[in-house]
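Colleague: Below is a structure I'd like to ask you about.
The values are calculated or read from the model by the stated rules, or taken from the named source; none is laboratory data. The structure presented is a predicted model; accordingly, all values stated were derived computationally and were not measured. Every residue, glycine as well, gets a Cβ built from its backbone with ideal geometry; the counts of neighbours run over all protein chains shown. Note: areas computed on protein heavy atoms with side chains; ligands, DNA, RNA excluded. Shrake-Rupley method; radii C 1.70, N 1.55, O 1.52, S 1.80 Å.
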Amino acid sequence: MTTYLVGVDEVGRGCLFGPVIAAAVILGKYQNPELKDSKKLSPKKRIQLCNDIRRGASKVSIGEASVEEIDNLNIKEASLLAMKRAILGLKKNNIEIIVDGIHTPKINYPCKAIIKADDKISEVMAASIVAKVFRDNLMIDFGRKFPDFFLEKNKGYPTKEHLNILKSLGPTKYHRKTFKPVLNAR
């Protein structure tokens, strides 16, 4: 039986707004020399590669942990929960997992955390890209609902502009209440 390598990465840990998102990717036969850590790609290139990955990879799954889960658990545990959900969403048993970072989710599969895996391992690079594009699109949608926060631009991160708006308008229900800048803005 073939064992599939799963790359897992998350995005949105440092944000003040919205869920944390993880992606799990099995590339299979799909290969692309243009894969890189999502942070090293332009938004346009990320979208193009994400579409290619979704078309060409064997399996792609997204996991999410809500703002409420982030506030109840803490961001580390919520990130691991999002990763676990992404992995389980693949609906595969014969897998080995590589996670970008230093922590692995509690899951009944071989799982290894590698620092900077999103810079070294194609499956993790792909997961990095898919998670980033998914969350960016989510923030663009939220930006339409909350135009005063410019989420389509800052993606929920604590930019100077976002912090100033937060102080002026106060948090929305999608802001992470346990994060210090949000706590200070209430």
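Colleague: Could we say that residue 25 is part of a strand (DSSP E or B), over 13 Å from the mean Cα position of the chain (by Cα), of a type in the set (Val, Ile, Thr) and surrounded by 15 or more Cβ atoms within 10 Å (Cβ to Cβ) here?
Modeller: So residue 25 does not fit the description; no.
Colleague: Continuing with the same structure: Which of the residues that make up the range 57-92 are in a helix (DSSP H, G or I) and open to solvent by 40 Å² or more (accessible area, probe 1.4 Å)?
Modeller: 68, 69, 72, 73, 76, 77, 81, 84, 85, 88
Colleague: Quick one: residue 147 ticks every box in (1) open to solvent by 60 Å² or more (accessible area, probe 1.4 Å); (2) under 22 Å from the mean Cα position of the chain (by Cα) except a single one, so which number is it?
Modeller: Here residue 147 meets the rest and fails (2).
Colleague: For residue 106, which of the numbered conditions (1) touching a helix residue (DSSP H, G or I) at 6+ places or on another chain (Cβ under 9 Å); (2) part of a loop (DSSP other than H, G, I, E, B); (3) charged (D, E, K, R); (4) in contact (Cβ under 8 Å) with a residue 40 or more places away in the chain fails to hold?
Modeller: (4)
Colleague: Applying the selection to the range 153-166, what residues are open to solvent by 70 Å² or more (accessible area, probe 1.4 Å) and in contact (Cβ under 8 Å) with a residue 12 or more places away in the chain?
Modeller: If the condition is that a residue be open to solvent by 70 Å² or more (accessible area, probe 1.4 Å) and in contact (Cβ under 8 Å) with a residue 12 or more places away in the chain, then 157 is the only one that fits.
Colleague: Select from the range 167-186 the residues that are open to solvent by 40 Å² or more (accessible area, probe 1.4 Å) and in a helix (DSSP H, G or I) and list them in ascending order.
Modeller: 167, 168, 169, 180, 181, 183, 184
Colleague: Exactly one of (1) in contact (Cβ under 8 Å) with a residue 12 or more places away in the chain; (2) surrounded by fewer than 19 Cβ atoms within 10 Å (Cβ to Cβ) is unmet by residue 98. Its number?
Modeller: All conditions are met except number (2).
Colleague: Can you tell me which of (1) part of a helix (DSSP H, G or I); (2) closer than 21 Å to residue 70 by Cα is the one residue 164 doesn't meet?
Modeller: Failing condition for residue 164: (2).
Colleague: Considering only residues that are buried (at least 17 other Cβ atoms within 10 Å of the Cβ) and of a type outside the set (Gly, Ala, Ser), which ones fall in the range 9-22?
Modeller: 9, 10, 11, 15, 16, 17, 19, 20, 21
Colleague: List the pairs whose first member sits in the range 65-83 and is farther than 17 Å from residue 17 by Cβ, whose second member is loosely packed, with under 15 Cβ neighbours inside 10 Å, and whose Cβ atoms are under 7 Å apart, counting only residues at least 6 apart or on separate chains?
Modeller: Filtered contacts from the range 65-83: 76/103; 80/103.
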